[in-house]
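Trainee: Take this structure, written in structure tokens, and hold onto it; I'll ask about it next.
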Amino acid sequence: MKPSLAQLLGGYGEEVRAPADIGPALLRARESGKPSLINVWVDPEVYTPEP
């Protein structure tokens, strides 16, 4: 896996695709002690609220 932009700049970066993985990713980011970016992929076809 290639490094994220955050990692290239000395921070912590991670991609998340499953809702259950968001919490653990946030914990890992906090534990890293670095500025962090969590990229959460969403599917707009699953649920998009009306304005």
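Nothing in this text is a laboratory measurement; each read-out follows from the coordinates by a stated rule. Keep in mind the model is a prediction, meaning the values are calculated, not measured. Here the Cβ positions follow ideal geometry from the backbone for every residue, glycine too, while neighbour counts run over all protein chains shown.
Trainee: So what is the calculated 222 nm ellipticity per residue for the chain, using -39500 (n - 2.57) for each DSSP H run with n of 4 or more, over all residues, to the nearest 500 deg cm²/dmol?
Mentor: Details: 2 runs with 15 residues, N = 51.
Result for the chain: -7500 deg cm²/dmol, rounded to the nearest 500.
Trainee: Placing +1 at every Lys and Arg Cβ and -1 at every Asp and Glu Cβ, with all other atoms neutral, what dipole size does the chain have around its Cα centre, in debye to the nearest 20?
Mentor: Working: 5 positive and 7 negative charges, 75 e Å.
Approximately 360 debye in magnitude.
Trainee: Report, in degrees rounded to the nearest 10, the 0 to 90 angle that the Cα long axis of helix 22-32 makes with the longest principal axis of the chain.
Mentor: 20 degrees
Trainee: Which residues does the label zone of V46 cover in the range 6-30, counting backbone N under 17 Å from a point 7 Å along Cα→Cβ?
Mentor: 15-26
Trainee: If I take every Cα pair under 8 Å that is 6 or more residues apart in the chain, average their sequence separation and divide by the length, what percent do I get for the relative contact order? Write out the running numbers ahead of the final one.
Mentor: Numbers: 50 pairs, mean separation 19.0, N = 51.
This gives 37 percent for the chain.
Trainee: Can you run phi through the Karplus equation (6.51, -1.76, 1.60; θ = phi - 60°) for the range 41-47 and list ³J(HN,Hα) in whole Hz, with x for Gly and Pro?
Mentor: 3J(HN,Hα) across the range 41-47, in whole Hz: 7, 10, 10, x, 7, 6, 7.
Trainee: Out of residues 5 or more away from V40 or on other chains, whose amide H comes under 5 Å of its own, with H placed 1.01 Å from N in the peptide plane?
Mentor: For V40, the qualifying residues are V16.
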